[in-house]
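Structure first, commentary second.
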Amino acid sequence: MYKIAIVGHGKDKFTDESARKAKELITKILSRENHQHKKEICLVSGHSPVGGIDIWAEEVAKELEIEMDIKSPRQHSWDGEYGYKARNIDIASSCDECHIILINRLPPNYRGMRFDNCYHCAKHANANIPEHVKSGGCWTGWQAYSRNKDCTWHIIKQ
């Protein structure tokens, strides 16, 4: 079983148009045409409680009848027995490849915390990843990368 993780921003960081683009990208990533050389594929998802990339990936996988390995956090905090950090490390460890889907800037109506840059990528200054909004999905991508997984960052402009 070839495991593909798809991680990224929550729903509140997308406009209707960028959400549509993200769903199209997820469909392309999981389409069977892209994986003919592999046996069966499986989506690895973090089942984010705020929706967005995780949930959209699960919806597409269900439509395409692709098996899923859901890594749902048991605590809604970074630390904890199986909070976001442990869940994200589990995603990074269990996948064969990781797709990180992020937006380049926040929508005008966004009300949450704002950061000047993605401090996860700032630690990897020579990575040549385009500017994007900070995300736990990016942190997960770097965890997968540090485990020698095939990682691709996708930045959606909005």
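The values are calculated or read from the model by the stated rules, or taken from the named source; none is laboratory data. It should be emphasised that the depicted structure is a prediction, and the values quoted were computed from it without experimental measurement. Heads up, the Cβs are rebuilt from the backbone with ideal geometry, glycines too, and the neighbour counts pull from every protein chain shown. Heads up: the accessible areas ignore ligands, DNA and RNA and are worked out on the full protein's heavy atoms, side chains in. Shrake-Rupley method; radii C 1.70, N 1.55, O 1.52, S 1.80 Å.
Quick rundown of the values:
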| read-out | value |
| --- | --- |
| L64-D150 FRET efficiency (beta carbon distance; Förster radius 25 Å; 0.05 resolution) | 0.80 |
| Three-way shape call for the chain based on the alpha-carbon gyration tensor, with the a/c threshold at 1.5 | rounded |
| Three-way shape call for the stretch 80-143 based on the alpha-carbon gyration tensor, with the a/c threshold at 1.5 | oblate |
| Value of [θ]222 nm, deg cm²/dmol, for the chain, DSSP H segments ≥ 4, -39500 (n - 2.57) each, nearest 500 | -10000 deg cm²/dmol |
| Y2, Y82, Y145, reordered so the largest accessible area comes first (probe 1.4 Å) | Y145, Y2, Y82 |
| Portion, in percent, of the accessible area of the chain that falls on carbon or sulfur, probe 1.4 Å | 47 |
| Accessible solvent surface per residue of the chain, calculated while the other protein chains remain in place, 1.4 angstrom probe, Å² | 55 |
| Summed residue charge, Cβ within 15 Å of A122's Cβ, Lys/Arg positive, Asp/Glu negative | 0 |
